[in-house]
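First up is the structure itself, then whatever we jot down about it.
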Amino acid sequence: MADRPKNTQAPDASPGAPQARQDTPAPGRDWQVLDALVATIAERRAAGDDQTSYTARLFAKGRAKIAQKVGEEGLETALAAVGEGPDAVVSESADLLFHWLVLLAEMDVDPARVLDRLAERQGLSGLAEKAARSD
Ligand SMILES: N=c1c2ncn([C@@H]3O[C@H](COP(=O)(O)OP(=O)(O)OP(=O)(O)O)[C@@H](O)[C@H]3O)c2ncn1[C@@H]1O[C@H](COP(=O)(O)O)[C@@H](O)[C@H]1O
């Protein structure tokens, strides 16, 4: 992915907390983590070594299997929210994001397109959008 804001301070930082240096984001709170994962997924896809790579194995199984995994991980995230707690939701969300990125790669969809779509929607109320639908 590209062209996303980097070094953005975490939204849950308390108002009085010391400001983080703009060039030293906290680990895991920089979009470079996702950029690196996208690159790794592309590399594993190109190498196609399903003996050593879970990602390559997913690609070998095909789109339907990858889509199924996205569905499963989404459900597991929801179930974790209801039946477990924040730590489980974090783990399941990571599984979900990984499989979601694999699915986008399988479909040759640049994840930046999803970010663009979100950006287009910024400022548009979900309720207003729903009310404007013709169906
Ligand atoms: N982020 C992930 C990641 N998140 C989850 N997973 C794997 O996703 C799987 C999900 O667990 P499940 O029990 O649902 O899957 P499963 O039962 O093995 O699969 P099925 O039988 O359902 O097909 C586990 O094997 C996890 O290890 C991941 N596998 C890889 N990555 C990243 O991809 C990189 C490359 O991994 P390899 O392709 O394996 O080299 C790694 O370095 C990581 O950065």
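The values are calculated or read from the model by the stated rules, or taken from the named source; none is laboratory data. Computed from a predicted model, the values in this text were never measured in an experiment. Every residue, glycine as well, gets a Cβ built from its backbone with ideal geometry; the counts of neighbours run over all protein chains shown. Please note that ligands, DNA and RNA were not included when accessible areas were found on the heavy atoms of the full protein model with its side chains. Shrake-Rupley method; radii C 1.70, N 1.55, O 1.52, S 1.80 Å.
Keeping all protein chains in place and using 1.4 angstrom, which order do E120, E73, E106, E43 fall into by accessible surface area, from largest down?
E120, E43, E106, E73
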* To do: Measure off 7 Å from each Cα along the Cα-to-Cβ vector at A36 and L127, then give the distance between these two points in nanometres to one decimal.
  => 4.2
* Evaluate the distance, in nm, between pseudo-label points positioned 7 Å from the Cα of A67 and of S91 along their respective Cα→Cβ axes. => 2.9
* Asked: With θ set to phi - 60° and the Karplus curve 6.51 cos²θ - 1.76 cosθ + 1.60, what are the ³J(HN,Hα) couplings of region 68-78 in order, to the nearest whole Hz, using x for Gly and Pro?
  -> 4, 5, 4, x, 4, 5, x, 5, 5, 5, 5
* Asked: Cα gyration tensor of region 32-110, axes a ≥ b ≥ c as square roots of the eigenvalues: rounded (a/c below 1.5), prolate (a/b > b/c) or oblate?
  -> prolate
